[in-house]
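Student: Quick one: the structure is below, questions incoming.
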Amino acid sequence: MRLSIKTCTLDMPFAAMLDFCVAQGVQAVEIGTGNWSGAPHIDLDELLGSETARQRWMDQLRRRDIALCALNCSGNPLAFQKDWEVTEKTFRLAKLLGVEKIVMMSGLPGGCPEDRTPTWIVTSWPPETEEILRYQWKAAVPVWKALAARARMAAITSRSLRPSALTMLIMPVPPVPAGTFR
């Protein structure tokens, strides 16, 4: 087992953050790539666009004997296009870096196609909420299937979906409709 840390909460430049991790005995890092995680230690577009930039970035980790254990793109890819784009870019970068673990949120869509903000339903009563929940499952499942397909193409073997308020996977009711994931 290695001691790891999610670095986006460390408000310091990349090299200084890595030196801090070494001083604390941290052996692996989870790097935020954007969305809710922030990205103070990585430029997603630069690393996607340049093998030289990827090598320089990874060399800083290697010189300190720190492993890159995961990329974190926590956000809401079910509600916001910009979050979907960061998630998709994170999957592509993971493949280029040989990272097999992505940490992310499941997301939460609006309550109907016209909603512009996520709608978090916490109960199946009154009856109107059941219709919203049915819509949300129908909206979420195709996106999750697309994410799973992208993960397979990127050789990502582990997707950690963190439960949080305003995400589908901690919604208590109703149960997932039979046949949803077929």
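Student: Scan around Val103 for amide H atoms under 5 Å from its own, H built in the peptide plane at 1.01 Å from N, and keep only partners 5 or more places away or cross-chain.
Tutor: Here the answer is Leu71, Asn72, Cys73, Ser160, since their amide H atoms fall under 5 Å of that of Val103.
Student: In the Gaussian network model of the chain, springs joining C-alpha atoms below 10 Å, which of Ala154, Ala53, Ala39 carries the largest mean-square fluctuation?
Tutor: Ala53
Student: For the chain, what does -39500 (n - 2.57) per DSSP helix run (n ≥ 4), summed and divided by total residues, give at 222 nm, in deg cm²/dmol to the nearest 500? Numbers along the way, then the final one.
Tutor: Details: 5 runs with 73 residues, N = 182.
Rounded to the nearest 500, it is -13000 deg cm²/dmol.
Student: So if each residue of separation counts as 0.36 nm, and I subtract the Cα-Cα distance between Met58 and Lys82, what length gain in nm does that give? It would help to have the intermediate numbers written out before the result.
Tutor: Values: separation 24, 0.36 × 24 = 8.64 nm, distance 2.59 nm.
Separation in residues times 0.36 nm, less the Cα-Cα distance, equals 6.0 nm.
Student: So how do Phe20, Phe14 line up by other beta-carbon neighbours within 10 Å, fewest first? Can you show the working numbers first?
Tutor: Details: Phe20 14, Phe14 17.
Final ranking by Cβ density, sparse to dense: Phe20, Phe14.
Student: Continuing with the same structure: Give the peptides 79-85, 113-119 in descending order of average Cβ contacts within 10 Å, highest first. All intermediate terms of the calculation are to be shown ahead of the outcome.
Tutor: On the way: 79-85: 16.1, 113-119: 12.0.
The densest-packed peptide leads the list: 79-85, 113-119.
Student: How much of the calculated P(r) for segment 1-77 lies past 21 Å, in percent of all Cα pairs?
Tutor: Values: 640 of 2926 pairs.
In whole percent, the long-distance tail amounts to 22.
Student: Once you keep just the Cα pairs under 8 angstrom separated by 6 or more residues, what percentage relative contact order results for the chain?
Tutor: Details: 301 pairs, mean separation 34.1, N = 182.
It rounds to 19 percent for the chain.
Student: Taking the chain as the reference, fit the longest principal axis to its C-alpha atoms, fit the long axis of helix 81-97 to the helix C-alpha atoms, and give the angle between the two in degrees, 0 to 90, nearest 10.
Tutor: Orientation of helix 81-97: about 40 degrees from the principal axis.
Student: Can you order the peptides 106-112, 31-37 by their average number of other Cβ atoms within 10 Å per residue, highest first? Display every interim value, and only then the final one.
Tutor: Working: 106-112: 21.1, 31-37: 24.0.
Highest mean packing first, the order is 31-37, 106-112.
Student: Something else now. Over the alpha carbons of segment 22-161, what is the largest minus smallest coordinate on each principal axis, giving the biggest first in Å?
Tutor: Sorted largest first, the three principal extents are 59, 31, 24 Å.
Student: May I pose another question? Apply the Karplus curve 6.51 cos²θ - 1.76 cosθ + 1.60, θ = phi - 60°, to the phi angles in segment 127-141 and return the couplings in whole Hz, x for Gly and Pro.
Tutor: Along segment 127-141, the couplings run x, 4, 5, 4, 5, 4, 4, 4, 4, 4, 5, 5, 6, 6, 4 Hz.
Student: Ordered by residue, what ³J(HN,Hα) values in Hz, to whole numbers, does segment 149-157 give under the Karplus form 6.51 cos²θ - 1.76 cosθ + 1.60, where θ = phi - 60° and Gly and Pro are x?
Tutor: 5, 5, 4, 4, 5, 8, 6, 7, 9
Student: Can you give the FRET efficiency for Ala15 and Met153, using 1/(1 + (r/R0)^6), R0 = 45 Å, r = Cβ-Cβ distance, to the nearest 0.05?
Tutor: On the way: r = 32 Å, r/R0 = 0.72.
The pair Ala15/Met153 has a calculated efficiency of 0.90.
Rule-based calculations on the coordinates, nothing more; no lab input. The model shown is predicted, which means the values in this text are computed figures rather than measured ones. As a convention, Cβ positions derive from the backbone with ideal geometry for all residues, glycine included, and neighbour counts pool all protein chains shown.
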